[in-house]
Amino acid sequence: MSGLRPVRIRKTDCMDLGTSLSSRTAPPTPHTPPAGRTRPPGWRDPRLWVGLALVAGSVLLGARVVAAADDTVPVWAARADLGAGAPLRADDLVRTRVRLDSAADLGRYLPADEPLPSGAGVLRPVGAGELVPRAALGTVTGTVEVPIAVEPEQVPDSVQQGAVVDVYLLGAGGTGGAGGSGGAGGGAPVLSGVTVVDARTSEESFAVSGRRRLVLAVPEADAARFFRALGAVTSPQVTVVRRG
């Protein structure tokens, strides 16, 4: 045994069993891209313009559908009562939309998108809110406007422009059938079924006397009879009665 020689083992001759730290391979580090911020689309982004075009097209299409569904037409209606003999004026009317079955029905009324007939008057009474028929209009001839002053307690507050009224005349003394405290018309109205074409309150007319001023559309023959009866009494008292 003394003749044996010791054998030296070098590090390079050792088998690498994976236990050496130097022999281990480190796993590759994954590359993570930097996070980016979401930016709103700018004016040059075509997606923005496409979206705006779609919204505008939807609004336009909806407006056309609504307009097509509205089959009403504008016509004139009476703002207040219109009596026979009254001239037709723009401020007597109010624009309203109605649905009519045919063009023939539309021809019976006054379209609000056309000018009013020049010089037209009301031939028969038209109630407040009623559509103005063409047949109720025409040329009013032989009618004059007669102003009267009435004590406030002798005229209803409901008497306004367009109202149809009767006028009674009471007085004392004089001639022409007016005797004592009787009526100049013998109990009958001196004006019957006339139209009020202007009606003002006492503040708007006679501030001193406090009386109310009315303007009536009266046939010429009836106007002459009214003035004769008015001159036949010494202390005339006018009373206005509204019809219906």
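Among the residues of segment 107-124, count how many are over 24 Å from the mean Cα position of the chain (by Cα) and in a loop (DSSP other than H, G, I, E, B).
Of the residues in segment 107-124, 5 are over 24 Å from the mean Cα position of the chain (by Cα) and in a loop (DSSP other than H, G, I, E, B).
Given (1) over 15 Å from Thr195 (Cβ atoms); (2) surrounded by 12 or more Cβ atoms within 10 Å (Cβ to Cβ); (3) out of contact with any Gly (no Cβ under 8 Å at 6 or more places or on another chain); (4) not β-branched (Val, Ile, Thr), where does Arg99 come up short, assuming only one miss?
(2)
Residues in segment 136-169 that are under 25 Å from Ala221 (Cα atoms) and part of a helix (DSSP H, G or I): how many?
Residues in segment 136-169 being under 25 Å from Ala221 (Cα atoms) and part of a helix (DSSP H, G or I): 2 in total.
With the requirement that a residue be aliphatic (A, V, I, L, M) and modelled with pLDDT of 85 or more, what does segment 129-140 give you? If you could, list the steps in order and put the result at the bottom.
We begin by selecting, within segment 129-140, every residue aliphatic (A, V, I, L, M); these are 131-132, 135-137, 140.
Correct list: Leu131, Val132, Ala135, Ala136, Leu137.
Consider Arg95 against the criteria (1) in a strand (DSSP E or B); (2) at positive phi: it satisfies all of them except one. Which criterion is unmet?
So Arg95 meets the others, but not (2).
What residue, among those in segment 82-95 that are in contact with a Pro (Cβ under 7 Å, 6 or more places away or on another chain) and not aliphatic (A, V, I, L, M), is surrounded by the fewest Cβ atoms within 10 Å (Cβ to Cβ)?
Here the residue is Arg95.
Mind telling me which of the residues Thr201, Thr195 ends up being at pLDDT below 90, surrounded by fewer than 16 Cβ atoms within 10 Å (Cβ to Cβ) and among the hydroxyl-bearing types (Ser, Thr, Tyr)? Full working, then the answer.
On the way: Thr195 fails: surrounded by fewer than 16 Cβ atoms within 10 Å (Cβ to Cβ).
Being at pLDDT below 90, surrounded by fewer than 16 Cβ atoms within 10 Å (Cβ to Cβ) and among the hydroxyl-bearing types (Ser, Thr, Tyr) holds for just one of Thr201, Thr195, which is Thr201.
The values are calculated or read from the model by the stated rules, or taken from the named source; none is laboratory data. All values derive from a computational prediction rather than experimental measurement. A quick note on method: Cβ atoms are made from the backbone with ideal geometry, for glycine too, and the neighbour counts reach across all protein chains shown.
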